[in-house]
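J.: The structure is given below, and queries will be raised subsequently.
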Amino acid sequence: ELGGQQLAAGDAVFLGILAANRDPRVFERADELILDRRPNPHLAFGHGLHFCLGAALARLELRVALPRLVKRLPNLRVAGEVQWKPNISDRAASHVPLALG
């Protein structure tokens, strides 16, 4: 039994690791996006042996590209409903309509 759900030997179990980033025992105001949260022990890039090799590049891209995008297009906004990829392991947008004005 796990979380009130009966499990049998051999049952497949999916571990939603990204849900750990919303654990109120680890993160104060766990359901809020706080970009400058310190410390921020999130698991988005994995942990230990399974840490993402591209993590540093992804962080650098956001640190460099996002401020430039906002500066160049200050009125950029989401202009419709975001469509999400049907994927059980992560949450990724397949379509984000944007408007410039």
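J.: Quick check: the distance between the Cα centres of the range 1-50 and the range 79-101, to the nearest angstrom?
T.: First find each Cα centre; the distance between them is then 22 Å.
J.: Give the residue list of chymotrypsin sites (Phe, Trp or Tyr not before Pro) in the range 1-45 that are DSSP loop and have at most 11 other beta-carbon atoms within 10 angstrom.
T.: For chymotrypsin sites (Phe, Trp or Tyr not before Pro) across the range 1-45 that sit outside H, G, I, E and B with at most 11 neighbouring Cβ atoms in 10 Å, the list reads 14.
J.: Let me ask another. Mind putting a number on the dipole of the chain about its Cα centre? Charges go on the C-beta only, +1 for Lys and Arg and -1 for Asp and Glu, and I need it in Debye to the nearest 20.
T.: 680 debye
J.: When P(r) over Cα pairs in 5 Å bins from 0, in percent is calculated directly from the model, which label among (i) 2, 9, 11, 16, 21, 18, 11, 6, 3, 2, 1, 0; (ii) 2, 14, 26, 28, 19, 9, 1; (iii) 3, 14, 26, 24, 20, 9, 3, 1, 0 fits?
T.: Only one listed value fits the structure, namely (i).
No lab work stands behind these numbers, since they all come straight from the coordinates. Keep in mind it's a predicted model, so treat the numbers as computed, not measured. No Cβ is skipped: glycine too gets one built from the backbone with ideal geometry, and neighbour counts run over all protein chains shown.
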